[in-house]
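Everything on this sheet refers to the single structure shown next.
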Amino acid sequence: MNHPCARPATTRMGIAVSAAVLAFAVAPAQVAHSAGPALEASQVAVPATTAASRVSRSLAEYTVPSVELVREDGKVVRFSDELADTRPVVLNFIYTTCNGICPMLSQTFSFLQSKLGAQRDSVHLVSVSIDPEQDTPQRLTEYAKQFHAGPEWHHYTGTLAASVLVQRSFGVYRGDKMSHTPVTLLRPAPGMPWVRFDGYATADELIQELGDRIANP
């Protein structure tokens, strides 16, 4: 079976999203197929697996690297400063030509901001490209538009070395973009451990994790 990100790129993101969702619906074992190397971060809780969604939840401590990235608006920023936020932060890793895992992760973020409604500015959504050599700020801007990203959802690119450093810092680096796995990371508040979801976490699961840190989603 080919990795879901190995399929040829389509010209319309909508088609890619539909195909990805259908693929996941008919092949839930895809998450297990995507298993990668051991995590590089220090796990501080035993994962609890949700049978229905095949998502593994764990807690982990990560150090956000003080590395320069480029935001989709072209501004060069220090990643540690970007995540020095009093709001909850939800983070994933994507690349714009991926037609399997990435559209599904991005669609979840899109659903999440819709469910947050008027409270969506209270949560900082972050997507980091794992293919920065191809993903220019302009391409990330176009990609973000496909998923109706609001102003609280930022996309980042930069040098390959910077992207790899960020991936390693969060225990998601798998050697190349074709081998990456679905991971969503959520930091409820500064100083708290990150909640790590290995697999396709849903918007409802993220809302539940955010709990009373958001008001009336």
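Values quoted throughout were computed directly from the atomic coordinates according to the rules given, and no laboratory measurement underlies them. Since this is a predicted model, take the numbers as computed values, not measurements. FYI the Cβ positions are ideal-geometry reconstructions off the backbone, even for glycines, and counts take in every protein chain you see.
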Straight-line reach check, Lys115, cutoff 19 Å on alpha carbons, 8 or more apart in-chain or any other chain, hits among lysines -> Lys145
With a 10 Å radius around each residue's Cβ, average the other Cβ atoms per peptide and rank 203-213, 95-105, highest first.
95-105, 203-213
Nonlocal amide H pairs with Tyr156, under 5 Å, H built at 1.01 Å:
Ser127, Val128, Ser129
Other-chain or far-sequence residues with amide H under 5 Å of Val183's (modelled H):
Phe93, Gly199
If packing is taken as the average number of other Cβ atoms within 10 Å across a peptide's residues, how do 73-79, 59-65, 149-155, 193-199 rank, most packed first?
193-199, 149-155, 59-65, 73-79
Let me spell out the model: positive unit charges on the Cβ of Lys and Arg, negative unit charges on the Cβ of Asp and Glu, origin at the Cα centre of the stretch 44-211. What dipole size does that give, in debye rounded to 20?
240 debye
Where in the stretch 102-125 does the amide nitrogen come within less than 11 Å of the point 7 Å from the Cα of Asp85, taken along Cα to Cβ?
121-125
